[in-house]
Amino acid sequence: MPRIDAHQHYWRYDPARHDWITDSMRIIRRDFLPEHAAPLLASAGIDGVVAVQADQSEAETDFLLALAARSSVIRGVVGWVDLLAPDLDERLSRRRGAVALKGFRHIAQSEPNDFLSRQDVARGVARLGEYDFSYDILIYPAQLAAAEALVARCPGVRFILDHCAKPDIARHEIARWRAGLSRLALHPNVCCKISGLVTEAAWDTWTDADLVPYLDATIELFGADRLMFGSDWPVCLVAAEYAEVVGVVQRFAERLAPGERDRLFGGTAAAVYHLEG
């Protein structure tokens, strides 16, 4: 079974478009493309990736699809579309022919906490299911209740929760995050990415021990069959090298049965994102 990194980003750095990359993150103020990732993937034994949007524009979707057309390592693309557009159906219909395009994401973490619970947002997300597209949920813990309301309204959509909903690992806050995560995990059409955790921990001092309580809770609530590994490269570089991110998840996964490890490192992503080969 191919080993999949279900969450990577690529960009040609632009200070205006990527203004979210603050001075503290200046290490990633440069271009990151598939050819830059290739040696890291090979060293870690990763066969393919899912490329996820970082800019909220349809030009970003086109950019990632163009990369996928020339890079066999990109097995799927999660793009962006205006879920509130009056011509959403036309936009989704046009995208149907893009084989690499598997789903969409909105940077909901930057929206008000109730954004995902709005009826107009739910109507847009529900349309994704009609076109067999998935939806990646990018949120903070305070937005978990809204995400659960969205999922409840859209039983026909495949949802992927990014970065375990970004728990505040640096401050060791776990109770409220776990409570919200437990309600979201009750919905069988939601999977969770084990991704992005090192950047929620203390960047310079984190250890495996800081992450394990959150990994324990996630696997307890979702079960091994609804988890997928993602690196969040290159964003992870502010806190860890690629090999370190892979390593911490691999060490945690030693407790799993071989089949469960296979699903974590590729099987679940392949099934949920409908990846080819």
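How high is the relative contact order of the chain, in percent, with contacts defined as C-alpha pairs under 8 Å that are six or more residues apart?
Across the chain, relative contact order equals 20 percent.
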> Can you pull the Rg over Rh of the chain, Cα-only, Kirkwood?
Replying inline: 0.93
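About its Cα centre, how strong a charge dipole does the chain have in debye, to the nearest 20, once Lys and Arg get +1 and Asp and Glu get -1 at the Cβ?
Roughly 460 debye, rounded to the nearest 20.
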>> Tell me the relative contact order for the range 160-277 as a rounded percent, counting alpha carbon contacts under 8 Å between residues six or more apart.
In response: 26 percent
> Given H placed 1.01 Å from N in the peptide plane, which residues other than close sequence neighbours of Trp233 have an amide H under 5 Å from its amide H?
Replying inline: His9
>> Would the range 1-107 count as rounded, prolate or oblate if I go by the C-alpha gyration tensor, calling it rounded below 1.5 in a/c and otherwise prolate when a/b exceeds b/c, oblate otherwise?
In response: oblate
> Which percentage, to the nearest 5, of the DSSP beta bridges contained in the range 4-272 is antiparallel?
Replying inline: 5 percent
> Dipole of the range 187-277 (Lys/Arg Cβ +1, Asp/Glu Cβ -1, origin at the Cα centre): which of Cys236, His274, Leu211 lies farthest to the positive side?
Replying inline: His274
> Suppose every K and R has +1 on its Cβ and every D and E has -1 on its Cβ; what is the size of the dipole of the range 1-78 about the Cα centre, in Debye to the nearest 20?
Replying inline: 240 debye
> For the chain, what does -39500 (n - 2.57) per DSSP helix run (n ≥ 4), summed and divided by total residues, give at 222 nm, in deg cm²/dmol to the nearest 500?
Replying inline: -10500 deg cm²/dmol
>> Please list, in order along the range 30-42, the HN-Hα scalar couplings obtained from phi with the Karplus expression 6.51 cos²θ - 1.76 cosθ + 1.60 (θ = phi - 60°), rounded to whole Hz, x for Gly and Pro.
In response: 6, 5, 9, 10, x, 5, 6, 7, 3, x, 5, 5, 4
>> Can you sort Phe115, Phe104, Phe63 from fewest to most other Cβ atoms within 10 Å of each residue's own Cβ?
In response: Phe115, Phe63, Phe104
>> Can you list residues from other chains, or at least 5 along the same chain, whose modelled amide H is less than 5 Å from the amide H of Asp168?
In response: Glu173
>> From the phi angles alone, apply the Karplus equation (6.51, -1.76, 1.60; θ = phi - 60°) to the range 114-121 and give each ³J(HN,Hα) in whole Hz, x where the residue is Gly or Pro.
In response: 9, 3, 5, 8, 5, 5, 5, 5
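Coordinate-derived values only; no laboratory data. Owing to the predicted nature of the structure, the values given are computational and were not obtained by experimental measurement. Positions of Cβ are generated from backbone atoms using ideal geometry, with glycine treated the same way; all protein chains shown enter the neighbour counts.
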